[in-house]
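K.L.:
So that we are looking at the same thing, I have put the structure below in structure tokens.
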Amino acid sequence: MDFTLEFERNSDIIGVARSRGVELIFDTGHGIDKQGLWPMEVLVASLGGCLNLDLGAALELSGYPVEKLTMSLQGHRDDTIPCIDTASCRIDVWSTSLSQEAAEELLSYALGKSTIYNTLAKAIRLDVTLTAHTS
């Protein structure tokens, strides 16, 4: 699968990526005038987006309808290099009759299918945890 993005720099701190009619604003500024995400935030957010889709599909296909799924993502930049050296993702999922054991098995399956996880896992330390909740 190939994909293409267009990127345009609009000012000294803002750039816009476009694909299929969707825009993503990158902003290297700080504070109240910040309009978009830092590129490193987008990288970690991509991990969350990919896991959300892959894990959600695995849950649904296994007969566990997702009532609610939340994620908390964090990354750390090593400023001496600079590079992102670690990222973590905490997932909470609510689904009727989903045991912790089944959730962890489905997470393992989803991690194996996740393009972003598998790409990042070659380069940085990743920690992904999942907690199952029943209604």
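K.L.:
Go through region 84-129 and give me each residue that's of a type in the set (A, V, I, L, M, F, W, C) and part of a loop (DSSP other than H, G, I, E, B).
P.N.:
Taking region 84-129 first, the residues of a type in the set (A, V, I, L, M, F, W, C) are 84, 87, 89, 91, 93-94, 98, 102-103, 106-107, 110-111, 116, 120-121, 123-124, 126, 128.
Correct list: 98, 123, 124.
K.L.:
Please return the ranges of strands (runs of 3 or more DSSP E) entirely within region 1-83 where 2 or more residues are under 25 Å from residue 110 (Cα atoms). Talk me through it step by step, then tell me what you get.
P.N.:
Details: elements: 6-9, 14-19, 22-27, 68-78.
Result: 68-78.
K.L.:
Starting from region 86-110, take each residue that is over 17 Å from residue 71 (Cα atoms) and list its partners that are buried (at least 16 other Cβ atoms within 10 Å of the Cβ) and at pLDDT 95 or above, counting only C-beta distances under 6 angstrom and pairs at least six apart or across chains.
P.N.:
So the pair list comes out as 98/64; 98/132; 109/58.
K.L.:
Of all residues in region 27-71, which are farther than 23 Å from residue 96 by Cβ and of a type in the set (Gly, Ala, Ser)?
P.N.:
Listed by number, the residues that qualify are 29, 31, 36, 45, 46, 48, 49.
K.L.:
Sticking with this structure for a sec: Please specify each residue of region 111-130 satisfying the condition of being among the charged types (D, E, K, R) and free of Cβ contacts under 8 Å to residues at least 12 places away in the same chain.
P.N.:
Once the filter is applied, which keeps residues that are among the charged types (D, E, K, R) and free of Cβ contacts under 8 Å to residues at least 12 places away in the same chain, region 111-130 yields only 122.
K.L.:
Just give me the residues in region 22-40 being modelled with pLDDT of 90 or more and of a type in the set (Asp, Glu), in sequence order.
P.N.:
Of everything in region 22-40, just one residue is modelled with pLDDT of 90 or more and of a type in the set (Asp, Glu), namely 23.
The values are calculated or read from the model by the stated rules, or taken from the named source; none is laboratory data. A quick note: this is a predicted structure, and the numbers were derived from the prediction, not measured. Using ideal geometry, Cβ is built from the backbone for each residue, glycine included, and neighbour counts are taken over all protein chains shown.
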